1. Hey, residue 126 hits all of (1) closer than 22 Å to residue 23 by Cβ; (2) in contact with a strand residue (DSSP E or B) (Cβ under 8 Å, 6 or more places away or on another chain) but one; which does it fall short on?
2. In the set 50, 35, which member is in contact with a helix residue (DSSP H, G or I) (Cβ under 8 Å, 6 or more places away or on another chain) and assigned to a loop (DSSP other than H, G, I, E, B)?
3. Return the residue satisfying two criteria in turn: it lies in region 100-127 and is over 9 Å from residue 56 (Cβ atoms) and in contact with a helix residue (DSSP H, G or I) (Cβ under 6 Å, 6 or more places away or on another chain), and of such residues it is modelled with the lowest pLDDT.
4. Regarding residue 42, is this residue more than 18 Å from residue 111 (Cα to Cα), loosely packed, with under 12 Cβ neighbours inside 10 Å and touching a residue at least 12 places away in the same chain (Cβ under 8 Å)?
5. When the residues of region 89-104 are narrowed to those that are crowded, with 19+ Cβ neighbours inside 10 Å and within 15 Å of the chain's Cα centre (by Cα), which ends up farthest from residue 35 (Cα to Cα)?
6. It is to be established whether one or more residues within region 59-73 are touching a helix residue (DSSP H, G or I) at 6+ places or on another chain (Cβ under 9 Å) and closer than 19 Å to residue 12 by Cα.
């Protein structure tokens, strides 16, 4: 099973993909968040033969922020558009971790997406 990971941002969206076995996440691309975003993600999903999309969600205990609502709406629209199931993974501090680990400005979003996706993949292995 192949997965696609997303680090959602209002300006840019980081994309990561897994290997065919769904074990390891790799940074893939950074795209601008525009009116064609869903189409661009669909093209990547089709090319990668992704069967599930994982979107980073900044989950705060007991609190639903405006950003969380925006990401939820984006995920719902994306799931309808690409016809692939969407799941959410906690993404607290992934950008800071990506920068700490050496990601450059032009790759930080896709590196964050890889961290989000890898966290999801690792959790699935334990279940």
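1. With respect to (1) closer than 22 Å to residue 23 by Cβ; (2) in contact with a strand residue (DSSP E or B) (Cβ under 8 Å, 6 or more places away or on another chain), residue 126 is out only on (2).
2. Only one candidate qualifies: 50.
3. 103
4. The answer is no for residue 42.
5. Initially, region 89-104 is screened for residues crowded, with 19+ Cβ neighbours inside 10 Å, giving 89, 91, 94-95, 98, 103.
Of the ones still in play, those that are also within 15 Å of the chain's Cα centre (by Cα) are 89, 91, 94-95, 98.
Working: 89: 24, 91: 24, 94: 25, 95: 24, 98: 27 Å.
Checked region 89-104; the qualifying residue farthest from residue 35 (Cα to Cα) is 98.
6. Checked region 59-73: no residue is touching a helix residue (DSSP H, G or I) at 6+ places or on another chain (Cβ under 9 Å) and closer than 19 Å to residue 12 by Cα.
The values are calculated or read from the model by the stated rules, or taken from the named source; none is laboratory data. Just so it is clear, the model here is predicted, and its values are computed rather than measured. When we count neighbours, we look across all protein chains shown, and the Cβ atoms used for this are built from the backbone with ideal geometry, even at glycine.
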